[in-house]
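Okay, so here's the structure we're looking at.
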Amino acid sequence: MRANGPDGVEALPGLGVDPPGAPAGCRRVRVERARWEWRPTDGGDPAVRVEEFLAAYGLPLHDLARPAPGHDPAGVCGAALYVSAAAGAALVGAPAGAANPAPALPEVAVVVYGHGPAAPQPAAPPGAPWWLGDWAESWTPRQHADAVASVRAAIGRGDVYQVNVVGHARARYAGDPLPALGRLAALPGARYGGTLTGAGWAIGCASPETLVELAAGRLITRPIKGTRPATVAGRAELLASAKERAEHVMIVDLERNDLARVARTGSVRVDELFAVRRWCDLWQAESTVSAAVAEGLGLADLLRAVCPGGSVTGAPKLAALDRIAALEPIGRGASMGALGWIAPGRIDLGLTIRTAAVDADRVHVWAGGGITWGSDPDAEVAEAAAKSAPVRAALAAHRMPAADASAPTATD
């Protein structure tokens, strides 16, 4: 189920990957030039090492306020950047939490792309029919609800204001996983739809949420908090919910604080508050916060300021991360981190919600939600299931019947 990648290392099959945010015009001529991956056992500061690695390959990001050169068709196209939630926690000195359920996944990956001669894409060799087994959940609905109740108790004690609680599920698979991840990336509303692969791992992302974008000298983040079914009644209910609005505003305030740490003094503003937008069959509330880049701000300091994202941690962020590490039985893996594109004068990183990862024989998905004092445990469990349902459906499309004698068993 694996094939050799362009650098000779063992990789998952189907190398026609398309990182979120990569320029569409370069797709047929984009070729991998170099990559770097980081795991905690490697040591060092991963944010600093990312910045140094990119500079060594023609993407200096030591001063984001400095005007950048234009896109050079003969030079470096840009780079895909992935930073896990665990790596983000490490950057701010917080506990990493439970172990990554897909150990082949790095916690940070950078892939630099250049341009090569356009060539017809060879047809992929026929692979084994796609088969996806039954999902094994990391916790039961009751255990999930108990975690929500535990967060409410912590809020009652004054330890935190809000904590995002995330669950995980995995399923065995057979066949080439990249078409399934491609279907996931194509879900409607996926602003950061795309895929990224490495040696024995792949990520598919259908995220609608901007973690951080650099455009025209301003940093932009678009936190999402608040979810309802994409019906007329669901939209009205979301707009009228005092609980959802309070939860949302807490995170907007947190994001304002995060950007203020790396922004020009007095430049932080909320451009849009509680706009309701659609992702698949759900309404979600989204705001836009922006700020002018401070002089001398480098990529490493920017990553430390925004990772892990406030909408998937809680407030205060460090206290929320402590609760997350204590409560979640399975690591967040590829979810709740960052994935996107970096190029001269441009940063565009999505938050890896609505994201799946695969290793040699399993698919992994995650979903959760922000917990406040007004949260109902059973409703939070149902909301996480609603967020996960389109992801699972995209991955399962065209699946073979589980009774097929040639398919592996679905048990863990």
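Suppose the filter is modelled with pLDDT of 95 or more, farther than 20 Å from Leu321 by Cβ and out of contact with any Asp or Glu (no Cβ under 8 Å at 6 or more places or on another chain); does Glu107 pass it? No, not satisfied.
Inside region 47-71, residues that are of a type in the set (Asp, Glu), in contact (Cβ under 8 Å) with a residue 24 or more places away in the chain and more than 23 Å from Ile203 (Cα to Cα) make up a count of 1. The single condition from (1) under 17 Å from Asp322 (Cα atoms); (2) surrounded by fewer than 20 Cβ atoms within 10 Å (Cβ to Cβ) that Arg142 fails is (1). Going through (1) in contact with a strand residue (DSSP E or B) (Cβ under 9 Å, 6 or more places away or on another chain); (2) modelled with pLDDT of 95 or more one by one, Val232 falls short only on (1).
Just one residue in the set Tyr173, Tyr192, Tyr161 is of a type in the set (Ser, Thr, Tyr), touching a residue at least 24 places away in the same chain (Cβ under 8 Å) and farther than 30 Å from Gly310 by Cβ; that residue is Tyr173. Taking Glu213, is it among the acidic types (Asp, Glu), within 30 Å of Ala34 (Cβ to Cβ) and out of contact with any Phe, Trp or Tyr (no Cβ under 6 Å at 6 or more places or on another chain)? Against the criterion (among the acidic types (Asp, Glu), within 30 Å of Ala34 (Cβ to Cβ) and out of contact with any Phe, Trp or Tyr (no Cβ under 6 Å at 6 or more places or on another chain)), Glu213 qualifies. If you go through region 26-36 and pick out every residue that is within 19 Å of Val83 (Cα to Cα) and open to solvent by 50 Å² or more (accessible area, probe 1.4 Å), you end up with 2. Quick one: would you say Gly310 is under 20 Å from Asn100 (Cβ atoms), crowded, with 24+ Cβ neighbours inside 10 Å and either of a type in the set (A, V, I, L, M, F, W, C) or in contact with an Asp or Glu (Cβ under 9 Å, 6 or more places away or on another chain) (or both)? No, not satisfied.
For region 45-84, residues that are acidic (Asp, Glu) and either in contact with a helix residue (DSSP H, G or I) (Cβ under 9 Å, 6 or more places away or on another chain) or on the phi > 0 side of the Ramachandran plot (or both) total 3. When each of Ala319, Ala291, Ala275, Ala379 is tested for being assigned to a strand (DSSP E or B), surrounded by fewer than 22 Cβ atoms within 10 Å (Cβ to Cβ) and over 19 Å from the mean Cα position of the chain (by Cα), the lone residue that passes is Ala275.
Applying the set (1) over 23 Å from Ala360 (Cα atoms); (2) among the hydroxyl-bearing types (Ser, Thr, Tyr); (3) modelled with pLDDT of 95 or more to Ser84 leaves exactly one unmet item: (1). Just so you know, in region 177-203 the residues that are touching a Pro at 6+ places or on another chain (Cβ under 8 Å) and within 21 Å of Gly369 (Cβ to Cβ) include one that is most open to solvent (accessible area, probe 1.4 Å), and it is Arg191. Quick check on Arg332: is it in contact with a helix residue (DSSP H, G or I) (Cβ under 9 Å, 6 or more places away or on another chain) and basic (Lys, Arg)? So Arg332 passes the test. Taken together, Val268, Val262, Val212 contain a single residue that is in contact with a helix residue (DSSP H, G or I) (Cβ under 8 Å, 6 or more places away or on another chain) and either under 26 Å from Pro188 (Cβ atoms) or open to solvent by 60 Å² or more (accessible area, probe 1.4 Å) (or both), which is Val212. Take the conditions (1) open to solvent by 10 Å² or more (accessible area, probe 1.4 Å); (2) touching a strand residue (DSSP E or B) at 6+ places or on another chain (Cβ under 7 Å); (3) charged (D, E, K, R); Glu247 misses just one of them, which is (1). From the list Gly75, Gly70, the lone residue that is surrounded by fewer than 22 Cβ atoms within 10 Å (Cβ to Cβ) and in contact with a Gly (Cβ under 7 Å, 6 or more places away or on another chain) is Gly75.
The values are calculated or read from the model by the stated rules, or taken from the named source; none is laboratory data. These figures come from a predicted structure and were not determined experimentally. Ideal geometry is used to build each Cβ from the backbone, glycine not excepted, and the neighbour counts take in all protein chains shown. Areas reflect the complete protein model, heavy atoms only, side chains present, ligands, DNA and RNA absent. Shrake-Rupley method; radii C 1.70, N 1.55, O 1.52, S 1.80 Å.
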